[in-house]
1. Quick one: how many residues across region 1-21 are over 12 Å from the mean Cα position of the chain (by Cα) and open to solvent by 70 Å² or more (accessible area, probe 1.4 Å)?
2. Given (1) at pLDDT 95 or above; (2) more than 12 Å from the chain's Cα centre (by Cα), where does SER100 come up short, assuming only one miss?
3. Which condition from (1) outside any strand (DSSP E or B); (2) under 14 Å from the mean Cα position of the chain (by Cα) is the one that GLU50 breaks?
4. Of all the residues that make up region 76-112, how many are open to solvent by 20 Å² or more (accessible area, probe 1.4 Å) and hydrophobic (A, V, I, L, M, F, W, C)?
5. How many residues does region 47-75 contain that are of a type in the set (S, T, N, Q) and either touching a residue at least 60 places away in the same chain (Cβ under 8 Å) or open to solvent by less than 50 Å² (accessible area, probe 1.4 Å) (or both)?
6. Across region 22-46, what is the total count of residues that are within 14 Å of ALA74 (Cα to Cα) and surrounded by 13 or more Cβ atoms within 10 Å (Cβ to Cβ)?
7. Please enumerate the residues belonging to region 73-90 that are on the phi > 0 side of the Ramachandran plot and in contact with a Gly (Cβ under 9 Å, 6 or more places away or on another chain).
8. Within the set of pairs 6 or more residues apart or between chains, which connect a residue that is at pLDDT below 95 inside region 1-25 to a residue that is not in a strand (DSSP E or B) with Cβ atoms less than 9 Å apart?
Amino acid sequence: QVQLVESGGGLVQPGGSLRLSCAASGIMFRLYTMGWYRQAPGKQREWVAEITNGNRTIYPDSVKGRFTISRDNAKNTVYLQMNSLKPEDTAVYYCNARFSSHYWGQGTQVTVSS
């Protein structure tokens, strides 16, 4: 049974910070590339961060310099530190695990509003 469980979402003011967590079970976590995606209402799901099993990180320009992805293999957990948040960052954020197959978490809501 594979599970990805996100937590840490919520309401934050513009310029604020949030740290999302994704706890994985049922997979050999250390082998997987982990990622974060987000989806706003009426829009396609977009990729926001990736960290490989070799700890290489990649970000799109939209979040580069503001978001940081990291992983703790001992805890089977991947994190997304989000700083300098903007209203445009409002979305449901999803955790993804990819190796020979891929898995998705249930999502956690992030709302950036004053």
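The values are calculated or read from the model by the stated rules, or taken from the named source; none is laboratory data. Please read these numbers as outputs of a predicted model, since none were measured by experiment. Cβ atoms come from the backbone with ideal geometry, glycine included; neighbour counts cover every protein chain shown. Surface accessibility is based on the protein's heavy atoms, side chains included, excluding ligands, DNA and RNA. Shrake-Rupley method; radii C 1.70, N 1.55, O 1.52, S 1.80 Å.
1. 4
2. (1)
3. Going through (1) outside any strand (DSSP E or B); (2) under 14 Å from the mean Cα position of the chain (by Cα) one by one, GLU50 breaks only (1).
4. Of the residues in region 76-112, 3 are open to solvent by 20 Å² or more (accessible area, probe 1.4 Å) and hydrophobic (A, V, I, L, M, F, W, C).
5. Filtering region 47-75 for residues of a type in the set (S, T, N, Q) gives 52-53, 55, 57, 62, 68, 70, 73.
Okay, now just the ones that are also either touching a residue at least 60 places away in the same chain (Cβ under 8 Å) or open to solvent by less than 50 Å² (accessible area, probe 1.4 Å) (or both), so 52, 70.
Here the count works out to 2.
6. Counting residues in region 22-46 that are within 14 Å of ALA74 (Cα to Cα) and surrounded by 13 or more Cβ atoms within 10 Å (Cβ to Cβ) gives 6.
7. SER84
8. GLN1/GLY26
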